[in-house]
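Trainee: Mind looking over this structure? Questions follow.
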Amino acid sequence: MANSQRPSMADVAALAGVSAQTVSRVVNASPRVDPETRHRVEAALARSGYRVHRAARALRTGRTGIIGAVVSTLATVGNSLMLQSVVDEASVRGYSVVIARIGTDGPAEAFERLREQGVDGAIVVNEASALLRDVALPDELRLVVVDSPPDPRYAGIETAHADGSAAATRHLLELGHRTIAHIAGPDSSYAAAERERGWRETLTAAGCAPGPLVRAQWTSASGFEAGGSLMDVGTATAVVVANDQMALGVLRAATERGIRVPERLSVVGFDDVDDAANYSPALTTVHQPFDELGRRAVAAVLGDAEPGSREVVAAPLVVRASTGAIIARA
């Protein structure tokens, strides 16, 4: 803004080309705004530096301006990126985020901590979703869960994990590969299971036997170990890896064994983290749109999304230098 005064709703409305009433609806998470207009207003809010007066909004709407985020760990890149996108989107809307980590006492304690802080709803992030199975959930707390099987108790948001993995596998098949391995994530992970399903079903449909498969733990160190075991067997000419961190470990394992990528081994990751384009070689990967996932999760928890409703966000393949056609082994 040109002046030094705190921007008003009218300023934001002029910037977005909408009415002040429309800005108010977006700020207060009203469902009566179409997605394109909401996105334009949110961009104007961010550009203007507009900040919601939380106390006034609480009196007007009965909301505290606080969202809960339930996590099991922030040690994995996917969880951290997802949480960052939730915090960013909440900030644009004038909301704060309180983090509750699920500890040894299970989800109930995390939900109780959020209830004590009067959150307006909670978003369960990625790997924490597995801990909700067969657990009683608080009826009075609006929940949106990221990456979970369909459940009538809460609204769900997820990446099209199986479709993204299927696209990666088809890409390798089109390059002439027929023995395509998979390095999967932990067996407790819904996202890992879906990525494995996309790989397996695509190979089966093409008349190729799926495998070999090695399970790892989302880290580059576990990817290095899993990739090394696959290369020591030596049957696969390509590998679909369930995340970019593990793919980085695979690239290191290949380098240490003198196996050139992609001439002798093609490697595909999943997530498209910022560093993926700077791996050596640059990593072909499936783009997981964390910013869009965060936007939709926050919109769902503030917009009173119906329990049992579900949104799926597309995950396109990004082709770079780590995949190529088979070259005769030397």
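Trainee: Relative to the longest principal Cα axis of the chain, at what angle does helix 290-302 sit, 0 to 90 degrees, rounded to 10?
Mentor: With both axes taken from Cα atoms, the answer is about 40 degrees.
Trainee: Please determine, in degrees from 0 to 90 and to the nearest 10, the orientation of helix 161-174 with respect to the longest principal axis defined by the Cα atoms of the chain, where the helix direction is its Cα long axis.
Mentor: Taking Cα atoms only, the helix is inclined about 30 degrees.
Trainee: Let me ask something additional. Can you tell me, using C-alpha contacts under 8 Å and at least 6 residues apart, the relative contact order of the chain as a whole percent?
Mentor: Contact order relative to length: 17 percent.
Trainee: Collect residues whose amide H, placed 1.01 Å from N in the peptide plane, falls under 5 Å from the amide H of A282; neighbours closer than 5 in sequence don't count.
Mentor: Hits under the 5 Å cutoff: A321.
Trainee: With charges set only on the Cβ (+1 for Lys and Arg, -1 for Asp and Glu), what does the dipole of region 186-330 come to about its Cα centre, in debye to the nearest 20?
Mentor: 580 debye
Trainee: Right, here's the next one. How would region 161-289 be classified by its alpha-carbon gyration tensor: rounded, prolate or oblate, with rounded meaning a/c under 1.5 and the a/b versus b/c comparison settling the rest?
Mentor: Judged from the Cα gyration tensor, region 161-289 comes out rounded (a/c under 1.5).
Trainee: Taking θ as phi - 60°, what are the ³J(HN,Hα) couplings along region 122-132 by the Karplus curve (6.51, -1.76, 1.60), each to the nearest whole Hz, with x for Gly and Pro?
Mentor: Running phi through 6.51 cos²θ - 1.76 cosθ + 1.60 with θ = phi - 60° gives 9, 10, 8, 9, 6, 5, 5, 4, 5, 7, 8 Hz.
Trainee: Would you grab the residues whose amide H sits under 5 Å from the one on V98? Only those 5+ places off in sequence or on another chain, please, with H modelled 1.01 Å from N.
Mentor: I67, G68, A69
Trainee: Next up: In whole Hz and in residue order, list the ³J(HN,Hα) couplings for region 180-185 that follow from phi through the Karplus curve 6.51 cos²θ - 1.76 cosθ + 1.60, θ = phi - 60°; x for Gly and Pro.
Mentor: 10, 7, 9, 9, 8, x
Trainee: Related question: Report, by chain and number, residues whose modeled amide H sits under 5 Å from the one on V318, excluding near sequence neighbours (fewer than 5 apart, same chain).
Mentor: Counting only residues 5 or more places away or on other chains, the set is T285, V286, H287.
Trainee: Tally Lys and Arg at +1 and Asp and Glu at -1 over the other residues with C-beta under 12 Å from the C-beta of I123: what net charge comes out?
Mentor: 0
Trainee: Under the Karplus relation 6.51 cos²θ - 1.76 cosθ + 1.60, θ = phi - 60°, what is the ordered set of whole-Hz ³J(HN,Hα) values for region 43-48, x standing for Gly and Pro?
Mentor: 5, 5, 4, 5, 5, 6
Trainee: OK, next. Restricting to Cα pairs below 8 Å that are 6+ residues apart, what does the relative contact order work out to for region 9-51? Please round to a whole percent.
Mentor: Over region 9-51, the number comes to 45 percent.
Trainee: Identify which of the listed values of Cα Rg over 2.2 N^0.38 Å was calculated from the structure shown: (1) 1.46; (2) 1.12; (3) 1.07.
Mentor: Calculated Cα Rg over 2.2 N^0.38 Å: the matching label is (2).
Each value in this text was obtained by applying a stated rule to the coordinates, not by laboratory testing. The model shown is predicted, which means the values in this text are computed figures rather than measured ones. Every residue, glycine as well, gets a Cβ built from its backbone with ideal geometry; the counts of neighbours run over all protein chains shown.
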